[in-house]
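Heads up: the structure comes next, in structure tokens.
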Amino acid sequence: MNRCLELSTCRDKAKYRPTKIFLFFALFLALSGTGCQKSRVARASRDLAANIANTRTPTGVQVDEAIPIIERRVYIDSSLSMKGFVNAENHTTFDELLDEIGNALPGCRLYKYGQASNTAPPNVSELYTQIGFGREIHTPAFYSLAYNPDDRLIDSLTKDARPVLSVLVTDGVYSEPEGSTSPPVVDAIGRWMQSGRVFGIFAFTSSFNGPFYSERHRAMLPSFSIPARPFYAFVFSPTERAFTDLEEKLRPRFQNIRSILFSKNVASITVTVPTGTRALYSFKSPPSSPFYWRMYDADLFSQTNSALINYNINYSISSAYPANQFKTDLNIDYYRWEQNKFRKIDTGPPAGFKYDRPAGAAIENSAASGFAVTLPRDTSSDYGFYDFKISASIGSLRPDLLNLSTRDDGVRENAGKTYRFFEFISAVTDVHFKTQLAAKVSPAVFVTVANH
């Protein structure tokens with residue numbers, strides 16, 4: 001090779017080498033910066049999601065399921081409307097329950113409950129008198145009181161913070177005051193449930209022969225004799241476990257018992273995204289996290305300027321809960337990454353965002369819903385953060401509850417039903433859902449997307 005040409009080539013290589021090294025380091029620093037920023041955005045996203053989720057976390061009173069019951073009580077509604085349920089010589093199902101409940105709740109205290117006139121006594125303790133499990137509770141003469149103010153009794157149970165299990169045996173007929181659409185007992189039951197405790201109902205039927213009280217007409221009617229009239233055991237339990245134990249003890253004797261349960265565990269929810277979604281960078285989900293969060297890198301938009309993501313929502317509903325279907329709705333808040341933090345955009349998601357509203361599905365023990373969102377590439381920001389505010393509400397109640405209910409209890413044909421029992425259960429379910437379930441079955445779901 002020519003000596004001059006060789007020297008020239010060497011000088012060219014020497015000049016090129018620093019440039020090549022500079023470009024290498026520049027590329028390295030750019031990639032490192034991008035990776036560091038993505039990590040910061042992911043951390044900021046998780047923090048934002050956690051802060052939002054904390055504002056929606058259920059704040060109800062937590063009750064220890066392992067707490068032992070220290071006292072058991074049974075209150076017998078001793079008003080005139082109960083007289084026809086008993087038969088001292090030929091025991092009815094009602095009589096059998098009064099005998100069996102003493103075995104199911106050993107050591108329980110039994111009380112005659114109600115007030116003798118329409119004038120309420122000043123002290124709630126005057127509404128009940130302790131008695132024994134004797135013959136008198138099976139005689140019609142025992143049921144002679146005028147009125148049973150259950151709201152006052154229930155409020156007294158709520159004020160007692162001790163783990164006491166109480167059972168009220170009653171016909172479940174409640175009056176609605178003038179100008180009210182809900183009997184006071186619903187509000188009282190609501191206050192009991194707000195304390196974090198469990199309310200349940202065992203529904204029975206028994207032969208009935210005696211004077212019949214019509215709530216619609218607010219009067220005693222002539223004696224009715226029917227083979228099956230509903231009555232109920234209202235259970236006020238500190239724990240779900242104590243309620244379940246009582247049911248297990250009663251069911252062998254009363255196989256047709258119908259159980260209705262209001263607790264924090266009667267429904268749950270899971271949210272899933274179908275597997276195989278491309279560009280997933282990071283994620284968090286229950287039980288390790290109180291919220292659902294997924295972050296996608298810009299490859300999500302590698303084929304188009306928008307991406308479709310499907311969410312599946314699955315509810316698990318206890319067969320003892322009156323609601324058999326939940327409705328799901330969705331609202332969206334949007335945040336942009338600006339000056340190293342997320343800022344909420346009052347105008348909402350960027351143009352091109354859309355979603356299909358959730359559609360309800362199955363009933364019974366598993367109810368499914370879902371929604372699909374189309375996320376557009378937001379060219380005005382490097383990252384976008386979506387808050388999918390899922391809210392659940394009661395869709396419908398179990399239709400078999402209608403079989404226990406009537407709106408006209410003034411005719412013999414409806415004597416086998418309870419006046420407005422469906423409406424009563426509906427009101428209690430609404431209170432329970434709002435106080436113990438709404439936040440639990442309305443999960444926090446978030447998505448972060450890289451736009452570039």
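One table, with the values for the structure above:
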{"quantity": "Computed E for S223/S156 - FRET, C-beta separation, R0 25 angstrom, nearest 0.05", "calculated": "0.15"}
{"quantity": "Projected label distance in nm at A88 and S396, using a 7 Å step from Cα toward the beta-carbon", "calculated": "4.9"}
{"quantity": "Estimated inter-spin distance, E96 and N331, nm [label 7 Å along Cα→Cβ]", "calculated": "5.2"}
{"quantity": "Segment D47-E338, extension gain: residue separation times 0.36 nm, minus the distance between their alpha carbons", "calculated": "103.2 nm"}
{"quantity": "Whole-angstrom gap from segment 213-251 to segment 70-90, using each part's C-alpha centre", "calculated": "10"}
{"quantity": "Interchain or long-range residues, amide H under 5 Å from G395's placed H", "calculated": "Q325, F326, K327"}
{"quantity": "Student exercise, the chain dipole from Lys, Arg, Asp, Glu Cβ charges, in Debye to nearest 20", "calculated": "2580"}
{"quantity": "Full-stretch length increase - R251, N310 - with 0.36 nm per residue and alpha-carbon distance subtracted", "calculated": "16.9 nm"}
{"quantity": "Net charge contributed by nearby residues that have their C-beta within less than 9 Å of L165 (K/R +1, D/E -1)", "calculated": "+1"}
{"quantity": "DSSP beta bridges in segment 71-263 [antiparallel fraction, %, rounded to 5]", "calculated": "70"}
{"quantity": "Overall form of segment 310-452 per C-alpha gyration tensor (a/c, 1.5; a/b vs b/c)", "calculated": "prolate"}
{"quantity": "3J(HN,Hα) from dihedral phi, segment 386-394, Karplus parametrisation 6.51/-1.76/1.60, rounded to Hz, x for glycine, proline", "calculated": "10, 10, 8, 8, 8, 10, 10, 8, 6"}
{"quantity": "At most 15 other Cβ within 10 Å, DSSP loop - trypsin sites (Lys or Arg not before Pro), segment 403-452", "calculated": "R407"}
{"quantity": "Karplus-derived HN-Hα couplings along segment 395-402 (A = 6.51, B = -1.76, C = 1.60, θ = phi - 60°), whole Hz, x at Gly and Pro", "calculated": "x, 7, 9, 5, x, 5, 5, 5"}
{"quantity": "Estimated distance in nm for a label pair at S380 and F283, the labels positioned 7 Å out from Cα along Cα-to-Cβ", "calculated": "3.0"}
{"quantity": "Gained length - E71 relative to D299, 0.36 nm times residue gap less alpha-carbon distance", "calculated": "75.8 nm"}
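Any read-out appearing in this document is the output of simple, stated calculations on the displayed coordinates, not a laboratory observation. This structure is a prediction, so every number in the text was calculated from the model and none was measured. Note that each Cβ is placed from the backbone with ideal geometry, even for glycine, and that neighbours are counted across all protein chains shown.
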